[in-house]
Amino acid sequence: MPTPEKIILAMSQHLGAPCTPTVKVGDTVEVGQVVGDSDKPVSAPVHSGISGKVAAITELLLPGGRKTQAVVIESDGEGRVHESVKPPVIDNHEDFLRAVRASGLVGLGGAGFPTHIKLNPRDVDAIDTVIVNAAECEPYITADYRECMENSWDIVSGVQSVMEFLDASRVIIAVERNKPAAIAELSKIARGVSSPGREVRVKSLPARYPQGAEKVLIQACTGRRVPPGKLPSDVGCVVMNVTSVAFLSRYFKTGMPLIDKRLTVDGSAIAYPKNVRVTVGTPIHDVIAFCGGAKREIRKLLMGGPMMGLALMDDTLPVLKQNNAILAFAEEDARTFPASVCIRCGRCVEACPMHLVPPSIAAAYKNADVESLEKLGVMTCMECGCCSFSCPAHRYIVQTMRMGKDLVRNAPKKEN
Amino acid sequence: MASMDKPLIITSSPHLHCGMNTRGVMADVLIAMLPATVASVLLFGWRALAVELVCVASCMASEILSRLVMKREQTVGDLSCIVTGMLLAFNLPATMPFWQAALGGVVAIVVAKQMFGGLGQNFVNPALAGRIVLMASFPESMNNWVVPLSGTGADAVTAATPLADGAASYSLGEMFFGIRGGCLGETCAMALILGGVYLVLRLVISPAVPLIYIGTVFVLSWLMGENPLYQILSGGLMLGAIFMATDYTTSPINKAGKVVFAVGCGLLTVLIRQFGSLPEGVSFAIVIMNILVPLIERATRPVPFGRKRRAKD
């Protein structure tokens, strides 16, 4: 979509330490210029996607309840590119990581974990496999599919850079089976670049939620299971979102940092659902207006997918880097149902990809029994929502899991 | 932004739901019992329907009154008490005096279900608890079998059940279509299997429990020199395996537990039939396994993803 007149850049668009604005009200900024940065290691800089003037530095309430500073930039419509935008010079490992950090890249699949941290695991020699996650993370969302179809060459060249950098012996591009066109397209290119000791292959996986969840994906691709509390790197894997990989390759060529993002705009209240390329920081109402506006009254607005996305309080919030969908639902899809008693049908147990027993966890939570909660594996829960989705009693299972996790996190540590 | 007339609805994720609800699940179970209900009337006459109506009415009244007395919200709308009423009736002979049938409903709902906290909390199957209390209290009424297709009401001829008289006086075909003495809902294997297939197709029950239960009885009675087909078609096995061992509340919640539970039900059924002084073992087998459910669940709890199964948990 066209460049917006105004963007709002949240200083916290990633997991980790928030940035502090590096510009002042009244400053002139250009496309690709850093407007926020942090000296903390786990963080990623924020860049402006338009040229114009810094109109304000305000406070923003992000969905999920966090508050963050935000830089508001009004466009001058000229789209001047900042002088810092040039292909990075990479001679060694440190350069590579520095460039990745400077690009502002975070996990574009939704989690928003800074990529330069992910690519710098404790034991880099142990990494033998890079998994490129093209298994769309949630229903409705097709943004990664569009990336596969439109930018397959970027994906493959990004894959090669990452594979060489990590000295990994194989790359598995994981695509769900319901996207045969993407599988065909990527397979064709992957065959061309694969070589002995540097294997690139496409793996087609059953199309089911939550196939794109990191731990589920690693098991589906390699058979390895990440133990609770451990990272993919502990089983020799690095998982990267397909759009993140493609972005890296474009960044190495052009030096243009992460300033825009493809979003799936969908839901029963959207007039013309589509995938749009949006400047990071664009207010959501502008994005919806570009998609024909609301054909029916919006009763629920989601940032992210329907299973894990956050419900928004209003449509003035800006698009964040790690967003991949805006979903707007009309009345009948926004209804809530009262919870009734658990009938022990076992659907949640069957549905849980982490093999948990939600009713037992709920009982332990009710008794504030931290020890049992830990034993039952509450911390393994990734809040995918499969349990609540399948519960005929409409019980708030995911909320109970979250509260159970909080209870464990806040419990005084046991003495050893 | 001003474009929003009403505040947006804020809820926690997930924002999708499969659309199934408790009432729908129970309605499916009731639909699955329809073939056996029709069969009961065809085989045992209108009095079968009357017993069914009495049990359902008694269960509904017990549910409403007990919730009222306990000052809790009314739950009759979830239809679970109707399922219990039908199951209880299925476990009674067509000649059952109405007041005794009604008493069974009170025991099932008030004692076995509501006193333990209502739906989802009872530790034994309410209908079976009702049946067992009636068996202990009114053994004569409970063993007053009608010969099927012999007319209704006062003209009905009574007879012993095939398991009780021990002799294979009915052909396997007759057994399959339910033309034998027995409780009013348990005899017609065909109707029960039809209902079971419906429940499996509607994803209400997993086929594992009935198949393993019936399979265990088949194999064990064959090993013991009985006619296995005759054994699986007689007594209340089909009814118990399809409609009662699959009861959500009183069977294990996890897959491995369900397998253990079903094998245990089959084993106990055969043991009671072979060595017990009772002719029929299905209800006691299921109730005993009901009581063991917490232990089975603990022993078969799935291991959280990525964690190693430890010797001792």
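Only one residue in B:K308, B:K258 is farther than 21 Å from A:G346 by Cβ and within 14 Å of chain A (Cβ to nearest Cβ), so which one is that?
B:K308
Can you name every residue in region A:174-192 that is over 30 Å from A:C352 (Cα atoms) and surrounded by 15 or more Cβ atoms within 10 Å (Cβ to Cβ)?
A:E185, A:L186, A:S187, A:I189, A:A190
Each row is one residue, and each column tells you yes or no for (1) over 28 Å from B:P294 (Cα atoms); (2) in a helix (DSSP H, G or I); (3) touching a residue at least 40 places away in the same chain (Cβ under 8 Å).
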position	(1), (2), (3)
B:L49	yes, yes, no
B:A102	yes, yes, yes
B:G105	no, yes, yes
B:A112	no, yes, no
B:L119	no, no, yes
B:N122	no, no, yes
B:R131	no, yes, yes
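Go through A:R224, A:R208 for me and flag whichever is in contact with a Cys (Cβ under 8 Å, 6 or more places away or on another chain), part of a loop (DSSP other than H, G, I, E, B) and surrounded by fewer than 20 Cβ atoms within 10 Å (Cβ to Cβ).
A:R224
What number of residues within region A:112-142 satisfy the criterion of being within 16 Å of the chain's Cα centre (by Cα), surrounded by fewer than 24 Cβ atoms within 10 Å (Cβ to Cβ) and part of a helix (DSSP H, G or I)?
Of the residues in region A:112-142, 3 are within 16 Å of the chain's Cα centre (by Cα), surrounded by fewer than 24 Cβ atoms within 10 Å (Cβ to Cβ) and part of a helix (DSSP H, G or I).
Quick one: would you say B:I242 is under 22 Å from B:Y170 (Cβ atoms), out of contact with any Phe, Trp or Tyr (no Cβ under 8 Å at 6 or more places or on another chain) and among the hydrophobic types (A, V, I, L, M, F, W, C)?
Yes.
Of all residues in region B:1-52, count the ones that are acidic (D, E) and buried (at least 23 other Cβ atoms within 10 Å of the Cβ).
Total meeting the criteria: 1.
Within region A:344-390, which helices (runs of 4 or more DSSP H) (wholly inside it) include 2 or more residues that are of a type in the set (A, V, I, L, M) and in contact (Cβ under 8 Å) with a residue 40 or more places away in the chain?
Once the helices (runs of 4 or more DSSP H) in region A:344-390 are filtered for at least 2 residues that are of a type in the set (A, V, I, L, M) and in contact (Cβ under 8 Å) with a residue 40 or more places away in the chain, what remains is A:358-366.
Name the residue, out of A:C381, A:C391, that is under 26 Å from B:F123 (Cβ atoms) and buried (at least 20 other Cβ atoms within 10 Å of the Cβ).
Of A:C381, A:C391, the one residue that is under 26 Å from B:F123 (Cβ atoms) and buried (at least 20 other Cβ atoms within 10 Å of the Cβ) is A:C391.
Check whether at least one residue in region B:280-287 is of a type outside the set (F, W, Y), at negative phi and not in a helix (DSSP H, G or I), and report yes or no.
So far as region B:280-287 goes, yes, one or more of its residues are of a type outside the set (F, W, Y), at negative phi and not in a helix (DSSP H, G or I).
Are any of the residues in region B:2-10 among the basic types (K, R), more than 14 Å from chain A (Cβ to nearest Cβ) and over 19 Å from A:C345 (Cα atoms)?
No, region B:2-10 contains no residue that is among the basic types (K, R), more than 14 Å from chain A (Cβ to nearest Cβ) and over 19 Å from A:C345 (Cα atoms).
B:R72 - would you say it is in a helix (DSSP H, G or I) and either within 20 Å of B:M238 (Cβ to Cβ) or in contact with a helix residue (DSSP H, G or I) (Cβ under 9 Å, 6 or more places away or on another chain) (or both)?
The answer is no for B:R72.
Scan region A:327-342 and report the pairs whose first residue is more than 7 Å from every other protein chain (Cβ to nearest Cβ) and surrounded by fewer than 15 Cβ atoms within 10 Å (Cβ to Cβ) and whose second residue is part of a loop (DSSP other than H, G, I, E, B) and among the aromatic types (F, W, Y), with Cβ atoms within less than 7 Å and a gap of 6+ or a chain change.
Close Cβ pairs satisfying both conditions: A:A339/A:Y396.
Does any residue in region A:81-100 that is modelled with pLDDT under 90 come within less than 6 Å, Cβ to Cβ, of a residue that is hydrophobic (A, V, I, L, M, F, W, C) six or more places away or on a different chain, and which pairs are these?
Qualifying pairs under 6 Å: A:I90/A:F96; A:I90/A:A99.
Taking the condition assigned to a loop (DSSP other than H, G, I, E, B) and at pLDDT below 90, does A:P63 pass?
Yes: the conditions hold for A:P63.
Test A:G255 against the criterion of being under 17 Å from the mean Cα position of the chain (by Cα) and at positive phi, and give yes or no.
no
Restricting the search to region A:391-402, which residues are among the polar types (S, T, N, Q) and either in a loop (DSSP other than H, G, I, E, B) or more than 8 Å from every other protein chain (Cβ to nearest Cβ) (or both)?
Of everything in region A:391-402, just one residue is among the polar types (S, T, N, Q) and either in a loop (DSSP other than H, G, I, E, B) or more than 8 Å from every other protein chain (Cβ to nearest Cβ) (or both), namely A:T400.
Any idea which of (1) in contact with a helix residue (DSSP H, G or I) (Cβ under 8 Å, 6 or more places away or on another chain); (2) more than 13 Å from chain A (Cβ to nearest Cβ); (3) in a helix (DSSP H, G or I); (4) farther than 21 Å from B:A36 by Cα is the one B:L295 doesn't satisfy?
Only one criterion in (1) in contact with a helix residue (DSSP H, G or I) (Cβ under 8 Å, 6 or more places away or on another chain); (2) more than 13 Å from chain A (Cβ to nearest Cβ); (3) in a helix (DSSP H, G or I); (4) farther than 21 Å from B:A36 by Cα is unmet by B:L295, namely (1).
Would you confirm whether any residue within region B:134-148 is over 24 Å from B:V106 (Cβ atoms), part of a loop (DSSP other than H, G, I, E, B) and modelled with pLDDT of 75 or more?
So far as region B:134-148 goes, yes, one or more of its residues are over 24 Å from B:V106 (Cβ atoms), part of a loop (DSSP other than H, G, I, E, B) and modelled with pLDDT of 75 or more.
Give the residue that is farthest from B:A32 (Cα to Cα), with candidates limited to residues of region B:189-210 that are of a type in the set (A, V, I, L, M), in contact (Cβ under 8 Å) with a residue 24 or more places away in the chain and surrounded by fewer than 21 Cβ atoms within 10 Å (Cβ to Cβ).
Only one residue tops the list, namely B:A208.
Exactly one condition in (1) in a loop (DSSP other than H, G, I, E, B); (2) under 19 Å from the mean Cα position of the chain (by Cα); (3) aliphatic (A, V, I, L, M); (4) closer than 18 Å to A:M163 by Cα is not met by A:I90; state its number.
Going through the list (1) in a loop (DSSP other than H, G, I, E, B); (2) under 19 Å from the mean Cα position of the chain (by Cα); (3) aliphatic (A, V, I, L, M); (4) closer than 18 Å to A:M163 by Cα, A:I90 breaks only (2).
The values are calculated or read from the model by the stated rules, or taken from the named source; none is laboratory data. All values reported here derive from a predicted model rather than from experimental measurement. Positions of Cβ are backbone-derived with ideal geometry, glycine not excepted, and every protein chain shown enters the neighbour counts.
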